[in-house]
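J.: Submitted below is the structure of interest, expressed as structure tokens.
Read the figures in this text as sums done on the coordinates, not as results from a lab. Computed from a prediction, not measured in an experiment: that's the story for all the values here. Positions of Cβ are backbone-derived with ideal geometry, glycine not excepted, and every protein chain shown enters the neighbour counts.
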Amino acid sequence: MSRIGKMPVVLPDKVKAKIEGRQVLVEGPLGKLSYSLPDGIDAAVAGTAINISITPGANDKGALFGTARARVNNMVSGVTKEFEKVLEISGVGFKGAVEGNRVTMQLGFSHPVILDIPQGIKMSFDPKQVVLTIKGIDREAVGNLAAQIKRIKRPEPYKGTGIRYQGEHIIRKAGKTAAGAGASAGGAAKK
């Protein structure tokens, strides 16, 4: 059994939770979230905590036990403080802007990349237009959107241009000139 799944999810002040059938509903100062429990996993509100358990007789659902508890814990954290992902755009002429409910980015393509901002997500660029901040109460939605944006222009290993998470280290490769310089220096003399 999962050690994470056994731990109760503590409800902070101003957070209310209730279970309706297979749905876990959490409401807090920043909004409401719901999660549908997988088959074989049960939840119960006990005072100021939510307890997750495996349904008796459903021993094959142990793999989902810790996951269900983590999802409920992320919901409780999300309605009290927002989750945040920060992306950096690096490259000559690469920039972006938020215009209403759309994000427009110049990423070296022949056309601008335009994305709609999903409901419940807030996005903003810094004044230099190269650092994108994504915020929201749903951790899964914030992470999926950040991954989707990063997939548009992955960082390439030679110059490091593209979209990456803030603080992410890109392993750089030596170019052809660096590789060729070592090979010609050790070559044999012509006859």
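J.: Modelled label-to-label distance, residue 106 and residue 151, 7 Å Cα→beta-carbon offset: nm?
T.: About 2.7 nm, to one decimal.
J.: Using the charge dipole of the range 83-165 (Lys, Arg: +1 at Cβ; Asp, Glu: -1 at Cβ; taken about the Cα centre), state which of 137, 97, 121 has its Cα farthest towards the positive end.
T.: Ranked along the dipole, the leading option is 97.
J.: Let me ask you something else. Which one is right for this structure if log10 I(q)/I(0) by the Debye sum over Cα atoms at q = 0.08, 0.17, 0.18 Å⁻¹ is calculated from it: (1) -0.49, -1.00, -1.11; (2) -0.31, -1.10, -1.18; (3) -0.43, -1.04, -1.09?
T.: (3)
J.: In vacuo Debye scattering of the range 3-78, one point per C-alpha: log10 I(q)/I(0) at q = 0.12, 0.19 Å⁻¹?
T.: Here the Debye-derived log intensity ratios amount to -0.28, -0.70.
J.: Sorted by mean Cβ packing within 10 Å, highest first, what order do the peptides 77-88, 121-132 take?
T.: Highest mean packing first, the order is 77-88, 121-132.
J.: So, one more: Could you tell me which trypsin sites (Lys or Arg not before Pro) in the range 7-53 are loop residues by DSSP with no more than 11 other beta carbons within 10 angstrom of their beta carbon?
T.: 14
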